[in-house]
1. Return yes or no: is Arg183 surrounded by fewer than 24 Cβ atoms within 10 Å (Cβ to Cβ), under 24 Å from Leu289 (Cβ atoms) and more than 9 Å from the ligand (Cβ to nearest atom)?
2. Taking only region 102-143 into account, find how many residues are in contact with a Cys (Cβ under 8 Å, 6 or more places away or on another chain) and without any contact (Cβ under 8 Å) to a residue 12 or more places away in the chain.
3. Going by the structure shown, is Glu99 in contact (Cβ under 8 Å) with a residue 40 or more places away in the chain and among the acidic types (Asp, Glu)?
4. Can you tell me which residue within region 198-245, out of those that are in a loop (DSSP other than H, G, I, E, B) and surrounded by 23 or more Cβ atoms within 10 Å (Cβ to Cβ), is nearest to the ligand (Cβ to nearest atom)?
5. Checking the structure you have, find out if any residue of region 138-156 is on the phi < 0 side of the Ramachandran plot, out of contact with any Leu (no Cβ under 9 Å at 6 or more places or on another chain) and of a type in the set (Gly, Ala, Ser).
6. Tally time: how many residues in region 167-180 are more than 22 Å from Ala130 (Cβ to Cβ) and within 13 Å of the ligand (Cβ to nearest atom)?
7. Restricting to region 172-197, name every residue that is over 21 Å from Glu224 (Cα atoms), more than 19 Å from the chain's Cα centre (by Cα) and not in a loop (DSSP other than H, G, I, E, B).
8. Return yes when Met50 is touching a helix residue (DSSP H, G or I) at 6+ places or on another chain (Cβ under 7 Å) and either surrounded by 12 or more Cβ atoms within 10 Å (Cβ to Cβ) or modelled with pLDDT under 95 (or both) and no when it is not.
Amino acid sequence: MTTHREFQFAKVPSGMPTEDCFKLVEAAIPQAGEGEVLVKTHFLSIDPYMRRAMSGSKAYGQMRPGSVMIGRGTGIVIESRHANFKEGDAVQSEFGWREHVVLKGDGLRKLVSDLQPLSLSVGVLGQSAATAWVGLHDVGDIQEGLTVVVSAAAGAVGSAVGQIARIKGCRVVGIAGGPAKCRHVIDDLGFDDCIDYKVGNLSQALGEAVPEGIDIYYDNVGGETLEVALDHVNDEARVPICGQISRYNATEPAVLRNVEVLLDKGVRLQGFRIGSRLARRDEALEQLLDWWRADKLKYRETVSVGFETAPAALINMLTGGNYGKQVVQVV
Ligand code: NDP
């Protein structure tokens, strides 16, 4: 076999992406040069930042129509021209949406043999959960006994935020879309409580769920949920701005209604990107692996089977169809 499939970014979406924003093409399988490895893709990580990259956000590497869709992946080395790698090694890196990829061996992350299934390396033992760990520690300044609230609580990052906060001895309340997700967050992931933001009055529900106030609001969604959370924060609260998914399809500028809370209560609201904190990410990955081996972390994945399903998987995640990490199983 000399050709494989790749997905190109075809056009900038207007609002929610549609399948015609992507183009499936046949291309030659690349060849590994000296110091490189050829990898067969097993899983693609499907992430919200892809939507931002499709709008030309500079923070995520600028994609232009015709370029291969960006994205992390995990796979198996099928040819090695680097001394540290051999056929059969599992690796994880930036792959792009392609069935095979050539990667430089230097700095390439080799996965430990008990990391199975390989998809965990992009979810609960990968960048998603590492983002949760870094945001809670480095921005949230997490400590035992605090009250932590997290939005998109049933998703890849949010599910890890809540579990890490529980391990750290905090009280944790999630916010998620729908009763089934809220049940999952409490019953399977061990959060203390979870609010369905799609029904009723979110502010009232949050007030009842955290009568003691919020010490850390871990924000994955932005918009009205962020504003409501700010109405319930304590003095000196921390608000790691991890993501703003409710706004990724928005066309009008963002407005924060109650920005004065930051001043009045001395609240620290700080954005961060895991891509700018790689040393801490690697520390987080070590810790997560230890917790996972000690059976302290639960996970759920939404697996879309078949390389050709990648666009649908991205749309599914952006519309809340996923529990835990959304991945595409390529083989
Ligand atoms: P998730 O697995 O949480 O999937 C996205 C979820 O977002 C959906 O399942 C849905 O859950 C929720 N959602 C979608 N639209 C809305 C909306 N309009 N309002 C509220 N919730 C919505 O994704 P990730 O865990 O990968 O990412 C979570 C957040 O973290 C994103 O904002 C992402 O950009 C950010 N992120 C940031 C990183 C960083 O370095 N700062 C790194 C990785 C992720 P529901 O059904 O509950 O609505």
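1. Here the answer is no, as Arg183 does not meet what is asked.
2. Looking only at that region, the number is 0.
3. In short, yes.
4. Gly243
5. Scanning region 138-156, I find at least one residue that is on the phi < 0 side of the Ramachandran plot, out of contact with any Leu (no Cβ under 9 Å at 6 or more places or on another chain) and of a type in the set (Gly, Ala, Ser), so the answer is yes.
6. Our first condition is that a residue be more than 22 Å from Ala130 (Cβ to Cβ); within region 167-180, this holds for 171, 173, 177-180.
After this cut, where a residue has to be within 13 Å of the ligand (Cβ to nearest atom) as well, the list is 177-180.
The number of residues fulfilling the criteria is 4.
7. Listed by number, the residues that qualify are Ala180, Arg183, Ile186, Asp187.
8. Spelling it out, Met50 is indeed touching a helix residue (DSSP H, G or I) at 6+ places or on another chain (Cβ under 7 Å) and either surrounded by 12 or more Cβ atoms within 10 Å (Cβ to Cβ) or modelled with pLDDT under 95 (or both).
The values are calculated or read from the model by the stated rules, or taken from the named source; none is laboratory data. Only a predicted model underlies this, so the values are computations on that prediction, with no experimental measurement involved. Neighbour counts are summed over all protein chains in view; Cβ atoms, including those assigned to glycine, are modelled from backbone coordinates with ideal geometry. All accessible areas refer to the heavy atoms of the entire protein, side chains included, with ligands and DNA or RNA removed. Shrake-Rupley method; radii C 1.70, N 1.55, O 1.52, S 1.80 Å.
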